[in-house]
Every structure is written in C-alpha cells, then in structure tokens.
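Enquirer: A single structure is presented below for examination.
The values are calculated or read from the model by the stated rules, or taken from the named source; none is laboratory data. Predicted model, so just to flag it, every value in this text is computed and none were measured. Cβ placement follows ideal geometry from the backbone for every residue including glycine, while neighbour counts extend to all protein chains displayed. Keep in mind that these areas ignore ligands, DNA and RNA; they rest on the heavy atoms of the full protein, side chains included. Shrake-Rupley method; radii C 1.70, N 1.55, O 1.52, S 1.80 Å.
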Amino acid sequence: MNRPLRIALTKGRLEKDTVALFQRIGFDCSQLIDKGRRLILEIPDADLEVVLAKAADVITYIENGVCDIGVVGKDTIIEQGKTFYEVMDLGFGRCRFALAGPKGQTFYKGYNVKRIATKYPNVARGFFESKGMDVDIVKIEGSVELAPLIGLADAIVDIVETGGTLRENGLEIYDEIVPISARVIVNIASMKMKKERIEALLGKIEAAKAQKGAEQ
Ligand code: PRP
C-alpha cells in the first residue's frame, strides 16, 4: 500500500488561505484547524498527510522527497533556488519585494557603496547585480525595517504587503523588485512516480482556485 501523499504547508501568513482553499475542495480540515502540538496532520477520506513548516523547510522537505507537494511563497523560492517543479500560482499571499529606506532620501545618488539589510541576501544581490551596482549586504533575521532606523544600513530589501510597517517607521519604497504570491511546488521524483494522484490533487486545487475567482 502506498503511503498517503504528503503535503508541506507554510505556516503563518499563508496558512489561513491554504486551509480555506482545502475547505473549498471539500477536504475535512478539522485536524489542520485544531492541531494542538501534533506535527503530522491527516486529511481523512482524501489519503493526504499534512505537515506545517516554515517556508524554508517546506522547500527542504520537497527537495529531499520527504513531502510530495508544497505550498510556499515565491519569495522563498527566489531566495533559495529550486530543484523542484513550480506548478501553480495560487493567487493569494500577494505582496512584493521592494527596496526601501528613510523617506525623502535619493537612494540612487552618490558614489559611496550603500549598505543593504535584508532577510533575502540572494534576492538583494541579484537585484543590485542587475543594476550593475556594488553594495554591501547585511543579513538580518527579522524586523529588517529597524536597520536603517538605527544606522545599520542605508536601505532594506524586504517584503512589502500593506506597506504599513514602512509607513509607521518613516520609511518609503525606492524601487519595486518583483511581485510575490503563494505557489504549489512538487518533488521531481514524486511527479513521475505518483503522477496520477498528484495530477488529481492539482486538478482539485485548480478548480477550488477558479471557484474562488468566480466568487470575487
Ligand atoms: C514581513 C516583512 C515586513 C512586513 C511587511 O514580516 O518582513 O516586516 O511583513 O508587511 P506590511 O507591508 O503589511 O507591513 P513578517 O510580518 O512576515 O515578520 P518577520 O519580520 O518576522 O519575517
């Protein structure tokens, strides 16, 4: 007997929308909603197992083949690279990568090497390379917006969703980098070995996504 398909979902920001999507499919999401401290959750009747993980770990699980399918933000995909199939844009979790810093400053001016704080050094490096600009990048783990406020950096490369965090801290967007949303990813071997089951699930996700679109 095959093991159930195992899905890795990003916990936090994308979690609610993903569970709502699964509910539209008709999946019994009671374990996902009332999960307690349990780490492997089941969607009974659908032969699916779900693990909730941090975005970077979702990618690790998919790349290592311990999960077949994942839901993760495009931000983490761009930052970490990809050895998996990215098969669908779910349309939620919409935000963007942006270059931002203290209000009223002209970032693209002067010859001094700028210092950029970010949780996404690869994204930041790629962005400035594409502009032919030499910058120093400082990796920060959280609240990147603090860096220019306390003098650690001239600007930040970070995710902007509502823009509220920037506004409340006297920062503004200097440049938009790339739009982001939640994506479905699939392990390369699973796509071959479990093709029918995966395609059936992707079909259900696609239909539920279209249904939401039609309701809006
Ligand atoms: C992200 C991002 C910004 C904030 C932007 O952080 O790093 O700080 O959200 O959202 P806004 O434009 O709606 O204000 P998150 O809340 O995910 O927390 P983190 O800093 O711990 O990663």
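Enquirer: Would you confirm whether any residue within segment 131-151 is more than 14 Å from the ligand (Cβ to nearest atom) and either of a type in the set (Gly, Ala, Ser) or part of a helix (DSSP H, G or I) (or both)?
Expert: Yes, segment 131-151 has at least one match.
Enquirer: List every residue pair whose Cβ atoms lie under 7 Å apart, where the two residues are 6 or more positions apart in sequence or sit on different chains, the first residue falls within segment 155-181 and is within 18 Å of Arg115 (Cβ to Cβ) and in a strand (DSSP E or B), and the second residue, located anywhere, is of a type in the set (Val, Ile, Thr) and more than 13 Å from the ligand (Cβ to nearest atom).
Expert: Note: pairs meeting the criteria are Ala155/Ile116; Ile156/Ile116; Val157/Ile116; Val157/Ile177.
Enquirer: Oh, and also: Which condition does Ile78 not pass, out of (1) open to solvent by 50 Å² or more (accessible area, probe 1.4 Å); (2) part of a loop (DSSP other than H, G, I, E, B), if it passes all the others?
Expert: (2)
Enquirer: Filter segment 154-192 for residues that are within 9 Å of the ligand (Cβ to nearest atom) and either among the aliphatic types (A, V, I, L, M) or not assigned by TED's automatic domain parsing to the domain that holds Phe127 (or both); which is nearest to the chain's Cα centre (by Cα)?
Expert: Ile159
Yes/no matrix, rows are residues, columns are (1) crowded, with 16+ Cβ neighbours inside 10 Å; (2) in contact with a helix residue (DSSP H, G or I) (Cβ under 9 Å, 6 or more places away or on another chain); (3) of a type in the set (A, V, I, L, M, F, W, C):
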site	(1), (2), (3)
Ala8	yes, yes, yes
Ile25	yes, yes, yes
Arg38	no, yes, no
Gly70	yes, yes, no
Arg94	no, no, no
